[in-house]
1. Across 5 Å bins from 0, what is the distribution of all Cα-Cα pair distances for segment 177-325, in whole percents?
2. Equivalent ellipsoid semi-axes for the chain, as square roots of 5 times the alpha carbon gyration tensor eigenvalues: give them largest first, rounded to whole Å.
3. With no solvent and one equal point scatterer per Cα, compute the Debye intensity ratio I(q)/I(0) for segment 185-232 at 0.24 Å⁻¹ and report its log10, rounded to two decimals.
4. Looking at segment 3-173 only, what percent of DSSP beta bridges run antiparallel? Nearest 5 please.
5. Which one of 84, 201, 244 has the biggest mean-square fluctuation once the chain is modelled by GNM with Cα springs under 10 Å?
6. Which residue fluctuates the most in the chain, going by a Gaussian network model with Cα springs under 10 Å, if the choices are 83, 170, 53?
7. Compute from the Cα atoms of segment 96-219 the Rg and the Dmax, the latter being the longest Cα-Cα distance, and quote both in angstrom.
8. Quick check of the Kirkwood formula: for segment 58-145, what is the inverse mean of 1/r over all pairs of different Cα atoms, in Å?
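Each reported figure results from applying straightforward, stated rules to the coordinates on display, with no laboratory input. It should be emphasised that the depicted structure is a prediction, and the values quoted were computed from it without experimental measurement. Reconstructed Cβ throughout: ideal geometry from the backbone, glycine too, with neighbour counts over all protein chains shown.
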Ligand code: UT7
């Protein structure tokens, strides 16, 4: 069984929606600016008491159904997240319990917005190595508690959501065939939550400075994002001896419509072959790619054997790209 095919997919976004017009009441911004500079029209945010494991469990339940599996069939649960329920234990351990996946191990992976790509690479390698047969991989984020709702540079951008895939050992040539992962040194401060962990524990002073919230140098991150996503994509295409023209669908991280358009343009891929759902969800960090993938699959945009290019960028600053062929079921 030399391949790790995606056999199930699901997504979930919380019911509460914040349209751009609601943000106009909170900070000096407007719907027109947000739409034209980012492509975002609304974002979903959790209800009180709803946490990352709840979003992941909802997406995972659908993914398991699509795969035709019971939770007890799983060998491993991985949650890619930068907004865990707790520092200890992992969010994956909580998802394992909520699903009843009592035969599965559980771990989280954090590579910020690239988390799903890093975890997909690791999970695929584990299955191909023969150690495990079935992995549930969730990308899930509850970013809204880490937003300073008075900071117009960030509060317009992010949303809460989850996406999930089931990976299974397969003798059919589907799943991830190539990937490239990277991180740009000395860029941590460009996109970070400064306080709240071991380096800078929360203090009254750090709370007053909103250092428990996301801070970002948007224009610098933007420049790095386009370059890195394009370079990583070209590297991966070279590994599998493909041209951009061979790609059926590009599924990019949804951080900014202008970034997506610039990446697609430089890869000479038409937007009709690019998944874009940023208008509905904003930037959902590690949930962004599995959410877009699951929506594309539900919309009938993925067919058996399709060549799919994935590209991501995020805090770290991390970057990633991957090439897979779609298996479906
Ligand atoms: O997922 C992780 C990766 N994250 C990203 O890739 C995000 C990358 N960055 C971005 O998406 C964009 O840089 C932003 C959307 C964050 C900002 O767009 P920008 O085109 O880079 O704008 P800017 O930061 O250069 O700001 C342009 C102007 C500034 O005003 P002045 O100085 O020209 O007078 C800002 O103060 O727009 C102003 N501005 C706003 N105006 C209305 C910034 N935020 C807002 C806002 N509403 N929400």
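1. In order of increasing distance, the bins hold 2, 9, 18, 20, 18, 12, 8, 6, 4, 2, 1 percent.
2. Rounded to whole Å, the semi-axes are 29, 24, 18.
3. Taking Cα atoms of segment 185-232 as identical point scatterers yields -0.85.
4. Values: 21 of 32 bridges.
Antiparallel bridges make up about 65 percent of those DSSP assigns within segment 3-173.
5. Sorting by GNM fluctuation, first place goes to 201.
6. 170
7. 18.1, 57
8. Values: mean 1/r = 0.0768 Å⁻¹.
Answer for segment 58-145: a Kirkwood hydrodynamic radius of 13.0 Å.
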